[in-house]
Amino acid sequence: MTETIERVRVLNGHTSPDTAYQVDDYPYSFHLRCKIRYWVETATKGSKKGQQRFMSQTTDARRGNTTWNKPKGSTYDLLTVIYLDGQDHVQHDGVSELGITPERDALWRLNGIYEQLADQQLRRYDALRGLARRRYAEPWEKFERMVTDVADHLGNTGEIPELVNGTWTTPQGQLRYLGAENLPIYLALAREHLAND
């Protein structure tokens, strides 16, 4: 597990096969190479109208990479972004109908997605975040208390909380579920908290 949050580069403006982000050397089965392109599709009709999904499409390497295969799409989200990770691999993430969790919000801010959103995406994200905070205030308050607890622990001991099955037993003997996948988020925010004190 890494303790740091990797910064990413959001790929904006790739909204159709014609404007897709293309990679010209991509694995195709075990021995062949093909082209692949990625974009965010926004539904224009039906029950999913306005929702977005991640799309990818490869060329047929068996036919000289001149023919595009059928595109593949993820499930729809209210907002979808594509980005390059630290290895320049294309990834995607989205905000679902269940809303924005405090952990997801913190991750998008720490890894740079939030600051790289286009204006329309930013307005949509901020509206969804506001709605999530109003509807489900308790998880946000709990998250903020947890960041404070982790910061206090780091400041007092200089040690990272030790997790057992994602759970941390505080020095006071209280059980706190952080989740191993979220520990880097808590650590980054706790360190920011300590740096600002």
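The values are calculated or read from the model by the stated rules, or taken from the named source; none is laboratory data. Because the structure is a prediction, the values reported are computed rather than measured. Backbone-built Cβ (ideal geometry, glycine too); neighbour counts: all protein chains shown. These accessible areas exclude ligands, DNA and RNA; they are computed on the full protein's heavy atoms, side chains included. Shrake-Rupley method; radii C 1.70, N 1.55, O 1.52, S 1.80 Å.
Condition check ((1) out of contact with any Pro (no Cβ under 9 Å at 6 or more places or on another chain); (2) open to solvent by 70 Å² or more (accessible area, probe 1.4 Å)) across all residues:
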{"residue": "Arg37", "(1), (2)": "no, no"}
{"residue": "Arg53", "(1), (2)": "yes, no"}
{"residue": "Thr59", "(1), (2)": "yes, no"}
{"residue": "Tyr76", "(1), (2)": "yes, no"}
{"residue": "Val81", "(1), (2)": "yes, no"}
{"residue": "Asp88", "(1), (2)": "yes, yes"}
{"residue": "Ser96", "(1), (2)": "yes, no"}
{"residue": "Ile100", "(1), (2)": "yes, no"}
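Please pick out the residue among Leu175, Leu187, Leu194 that is open to solvent by less than 40 Å² (accessible area, probe 1.4 Å) and not β-branched (Val, Ile, Thr).
Details: Leu175 fails: open to solvent by less than 40 Å² (accessible area, probe 1.4 Å); Leu194 fails: open to solvent by less than 40 Å² (accessible area, probe 1.4 Å).
Just one listed residue meets the conditions, Leu187.
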- Would you be able to say whether some residue in region 61-70 is at pLDDT 95 or above, in a helix (DSSP H, G or I) and either open to solvent by 40 Å² or more (accessible area, probe 1.4 Å) or closer than 30 Å to Pro161 by Cβ (or both)? no
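Is it the case that Arg191 is touching a residue at least 12 places away in the same chain (Cβ under 8 Å), more than 24 Å from Gly13 (Cβ to Cβ) and not polar (S, T, N, Q)?
Yes, satisfied.
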- One residue from Leu154, Leu131, Leu122 being surrounded by 15 or more Cβ atoms within 10 Å (Cβ to Cβ), out of contact with any Ser or Thr (no Cβ under 6 Å at 6 or more places or on another chain) and of a type in the set (A, V, I, L, M): Leu154
- Residue count, region 17-35, condition in contact (Cβ under 8 Å) with a residue 24 or more places away in the chain and either loosely packed, with under 13 Cβ neighbours inside 10 Å or at positive phi (or both), comes to 2
- Hey, among the residues in region 1-15 that are surrounded by 13 or more Cβ atoms within 10 Å (Cβ to Cβ) and polar (S, T, N, Q), which one's nearest to Ala118 (Cα to Cα)? Asn12
- Task: Please list, ordered by first then second residue, the pairs with beta carbon atoms under 6 Å, 6 or more apart or interchain, first in region 94-120 and among the aromatic types (Phe, Trp, Tyr) and in a helix (DSSP H, G or I), second modelled with pLDDT under 95 and surrounded by 17 or more Cβ atoms within 10 Å (Cβ to Cβ).
- Result: none
- Any hit, region 104-118, residues being modelled with pLDDT under 95, under 24 Å from Asn182 (Cβ atoms) and within 17 Å of the chain's Cα centre (by Cα): yes
- Message: So for region 74-93 (the condition being over 28 Å from Ala188 (Cβ atoms) and either of a type in the set (Asp, Glu) or in contact (Cβ under 8 Å) with a residue 12 or more places away in the chain (or both)), does at least one residue qualify?
- Response: yes
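For region 22-46, enumerate the residues that are over 23 Å from Thr80 (Cβ atoms) and not in a strand (DSSP E or B). Lay out the reasoning, then the answer.
So the first thing to find is which residues in region 22-46 are over 23 Å from Thr80 (Cβ atoms), and the list is 24-25, 27-34.
Within region 22-46, Ser29, Phe30, His31 qualify.
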